[in-house]
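The values are calculated or read from the model by the stated rules, or taken from the named source; none is laboratory data. Since this is a predicted model, take the numbers as computed values, not measurements. Heads up, the Cβs are rebuilt from the backbone with ideal geometry, glycines too, and the neighbour counts pull from every protein chain shown.
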Amino acid sequence: MKWKTRITEMLGCDYPILLGAFAGYDDSDLTAAISEAGGFGILTASYFQGEDAFQNALRKIKNMTKKPFGINFSIDKEITPDHPFYRYLEIAKEEGVKTIITAAYKVDQFGKKAKEYGMNWIHKVTVMKHGIKGVNMGADAIILTGLEGGGLKNPNQNTLFINMVHAKRLLKVPFIASGGISDGKGMLAALVLGAQAVHLCTAFLATKESPIPDDWKQQLIDADCFDPKVIKKICHFESERPKYVPYSLAVGTIEKIRSAGELIKKMVGEAETILKTMGVQQDIVDFTQI
Ligand SMILES: Cc1cc2nc3c(=O)[nH]c(=O)nc-3n(C[C@H](O)[C@H](O)[C@H](O)COP(=O)(O)O)c2cc1C
């Protein structure tokens, strides 16, 4: 089947499956593997210390795959024009990168610069309010991460399901579902609820190409998403402040370490089996109008 969504059309990838950012590691191998398998790999810029290291990573990915990939710029606070990311953005343009993702607060000018360079600008948020702001700033799409997700948590996060029920109505650009998604059923459900792609971090952390240490990968296999301690850790109901968690409720379906390509193939296979069981006969499954 050919998969068509507003995000696959925008990004030029085969499947609506995006790699979530994770700071602290060089994720260039994983980015290349995901794009090569038909998903959309996203390099996390904040790992790279200096322009040369960043440019080398982009060139390495381009040697590993001819398919498109994006760059995540995670910015803690405000980004001023002297921030090194402005130079990284220029390098990305020179290297032919067509899509950037911002995860930050005040990124109006940075996003506008990406638009001037002819790039797609996706803004990544944890609460709907910031998603609406991202649309008003001029972003082309919004990644909205639900309570189930990992990384830096916002105490006001809502669940992925509730986000999806409301996102289409409240966000006037395509939205990408994020938070606890790890399989083909989750992907298909998100698309049916109006998302135009899914964004996975934890599930891709547990792949062969992922750069995290093996004992962390083992934790992803061992963690039980029904364990009250795990639920509390990820949902952090009692915290009033943003807090970082090393994985998400996606851990429930991670039973072994696969290659990123195998994971994508498995997800797409599961979703296609469901569609065929429902009697969908078309060669192209088109979610652009949903
Ligand atoms: C270990 C870890 C580190 C993360 N670091 C970042 C980051 O640097 N920038 C960012 O935008 N998101 C970061 N995230 C959030 C993920 O990209 C993603 O939005 C979130 O984990 C939801 O996806 P998941 O449930 O598939 O993990 C991180 C998540 C994890 C688990």
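Figure legend. Inter-residue proximity from region 158-180: first residues in contact (Cβ under 8 Å) with a residue 40 or more places away in the chain, second residues part of a helix (DSSP H, G or I) and away from the ligand (no atom under 14 Å from the Cβ), beta-carbon distance below 7 Å, spacing 6+ or different chains. Indicated pairs: 170/128; 170/132; 171/132; 171/135; 174/6; 174/7; 175/167; 176/7.
Highlighted here are the helices (runs of 4 or more DSSP H) found entirely within region 82-140 that include at least 1 residues which are farther than 27 Å from residue 166 by Cβ: 84-94, 108-116.
What's the total number of residues in region 256-270 that are within 14 Å of residue 205 (Cα to Cα) and surrounded by fewer than 22 Cβ atoms within 10 Å (Cβ to Cβ)? Step through it out loud before you land on a result.
So the first thing to find is which residues in region 256-270 are within 14 Å of residue 205 (Cα to Cα), and the list is 256-264.
Subsequent filtering for residues that are surrounded by fewer than 22 Cβ atoms within 10 Å (Cβ to Cβ) retains 256-259, 261-262.
Counting residues in region 256-270 that are within 14 Å of residue 205 (Cα to Cα) and surrounded by fewer than 22 Cβ atoms within 10 Å (Cβ to Cβ) gives 6.
When residues in region 184-208 are screened for being away from the ligand (no atom under 11 Å from the Cβ), surrounded by 19 or more Cβ atoms within 10 Å (Cβ to Cβ) and either among the basic types (Lys, Arg) or part of a loop (DSSP other than H, G, I, E, B) (or both), 2 of them pass.
The residues listed here are 12, 38; of these, the one that is in contact with a helix residue (DSSP H, G or I) (Cβ under 7 Å, 6 or more places away or on another chain) and on the phi > 0 side of the Ramachandran plot is 38.
Residue-by-condition table, conditions (1) modelled with pLDDT of 95 or more; (2) surrounded by 14 or more Cβ atoms within 10 Å (Cβ to Cβ); (3) out of contact with any helix residue (DSSP H, G or I) (no Cβ under 6 Å at 6 or more places or on another chain):
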position: 227; (1), (2), (3): yes, no, yes
position: 233; (1), (2), (3): no, yes, yes
position: 239; (1), (2), (3): no, no, yes
position: 254; (1), (2), (3): yes, yes, no
position: 277; (1), (2), (3): yes, no, yes
position: 290; (1), (2), (3): no, no, yes
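Take region 11-49 and flag every residue that is of a type in the set (Phe, Trp, Tyr) and assigned to a loop (DSSP other than H, G, I, E, B).
Keep residues of region 11-49 that are of a type in the set (Phe, Trp, Tyr), which gives 15, 22, 25, 40, 47-48.
Passing the criteria: 15, 22, 25, 48.
Among the residues of region 256-274, the ones that are part of a helix (DSSP H, G or I) and either within 16 Å of the ligand (Cβ to nearest atom) or modelled with pLDDT under 95 (or both) come to 5 in all.
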